[in-house]
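**Q** Below is the structure I would like to discuss, written out as structure tokens.
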Amino acid sequence: MSQIVLYAMTQKGHAVVAALVQMYPGILHAVIGARDSKLREDYYQQIVELCHSVGIPFYDRSDAPNFEHHTALAVSWRWMIRGSNTRLIVFHDSLLPRYRGFNPLVSALINGDHQIGVSALFASEQYDRGPLIQQCAIDICYPFTIQAAIDAILPCYAQLAIGIAEKVSQDLDIPITQQDEATASYSLWRDDEDYRIDWRLDAQTIIRTIDALGSPYAGARTLVGDVSATLLRASICPDVRIENRTPGKVIDLSNGRPIVVCGSGLVLIEELIHAETGENLLPLRFFRTRFR
């Protein structure tokens, strides 16, 4: 039986290991993992323990050998995978060709898409442009957090991995379809600046952004006066007519929780902590506060 080398990170990688161990024991030749310092829980140790419990060789990326003549799967992987004789399959958090690139699931949630999913594709020289193997889609409705989205697509990861393992185990060809370049779009990489809330946006977009950047990520940020704060939870309030509308200003307090003016609409901040210390910043001490 042919085997698979799996490059796996995060909760998604753990889900793929678990699915393959259950459905195709012996299909995994080795698993390579790595830490993700940007996540509060990166599932590195869980992947290690699962591999050890069933006797699958596990290697950290820092000391992993080069594997040749294997089919390789990459799940939540962010580095180049070398090997001229390796058939590499990538899992991507979007329904390609939409959202090629970085953080596609976050971008989809911020945009308010009502369908999200996962694509399995062969790797190509230009990222996320290779031929598609299979896709799995699910419908969602808002409010919807990033953790809820990750949990929702884990069965998609398992389904796609099992389908590929079935072909590999029997040495069968894997059918492909080419991507439609006319419908392609891209999602850019994100840095610390992209975690800042722009209060000039409409309230619904702001709420979706807060939900999309929450745990396991660092959380949406804002300045409360001169203090850097993390927004953990917020909701929409009915808008009112404001003659001198100034996004970011507090218009009212509800039990010490600020109601903030947006480009359109109002947002009630329900959970707010100091970005560095984790200190609870509610109830708000001063009514005349500007969020920036």
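**Q** Being part of a strand (DSSP E or B) and not polar (S, T, N, Q) narrows it down to one residue among Ile207, Ile242, Ile236, Ile174; which is it?
**A** Ile236
**Q** Something else now. Take segment 113-135 and flag every residue that is under 25 Å from Thr209 (Cβ atoms) and part of a loop (DSSP other than H, G, I, E, B).
**A** Once the filter is applied, which keeps residues that are under 25 Å from Thr209 (Cβ atoms) and part of a loop (DSSP other than H, G, I, E, B), segment 113-135 yields Asp113, His114, Tyr127, Asp128.
**Q** What do you reckon, is Gly214 out of contact with any Pro (no Cβ under 7 Å at 6 or more places or on another chain), outside any helix (DSSP H, G or I), surrounded by 15 or more Cβ atoms within 10 Å (Cβ to Cβ) and of a type outside the set (A, V, I, L, M, F, W, C)?
**A** yes
**Q** Another question, then. Looking only at strands (runs of 3 or more DSSP E) that fall completely inside segment 43-105, which ones have 2 or more residues that are within 22 Å of the chain's Cα centre (by Cα)?
**A** Qualifying strands (runs of 3 or more DSSP E): 71-75, 87-92.
**Q** Which of the following residues is crowded, with 17+ Cβ neighbours inside 10 Å, basic (Lys, Arg), farther than 20 Å from Ala148 by Cβ and modelled with pLDDT of 95 or more: Arg221, Arg208?
**A** From the options Arg221, Arg208, the qualifying one is Arg221.
**Q** Evaluate the following for Tyr157: is it surrounded by fewer than 17 Cβ atoms within 10 Å (Cβ to Cβ) and aromatic (Phe, Trp, Tyr)?
**A** Against the criterion (surrounded by fewer than 17 Cβ atoms within 10 Å (Cβ to Cβ) and aromatic (Phe, Trp, Tyr)), Tyr157 does not qualify.
**Q** Also, quick follow-up: Examine segment 24-42 for a residue that is at pLDDT below 95, in the same structural domain as Val90 (by TED's automatic domain parsing), outside any helix (DSSP H, G or I) and of a type in the set (Lys, Arg), and state whether such a residue exists.
**A** Within segment 24-42, one or more residues are at pLDDT below 95, in the same structural domain as Val90 (by TED's automatic domain parsing), outside any helix (DSSP H, G or I) and of a type in the set (Lys, Arg).
**Q** Further, regarding this structure: Can you tell me which residue among Ala149, Ala182 is surrounded by 14 or more Cβ atoms within 10 Å (Cβ to Cβ) and modelled with pLDDT of 95 or more?
**A** Answer to the check: Ala149.
The values are calculated or read from the model by the stated rules, or taken from the named source; none is laboratory data. Keep in mind the model is a prediction, meaning the values are calculated, not measured. Backbone-built Cβ (ideal geometry, glycine too); neighbour counts: all protein chains shown.
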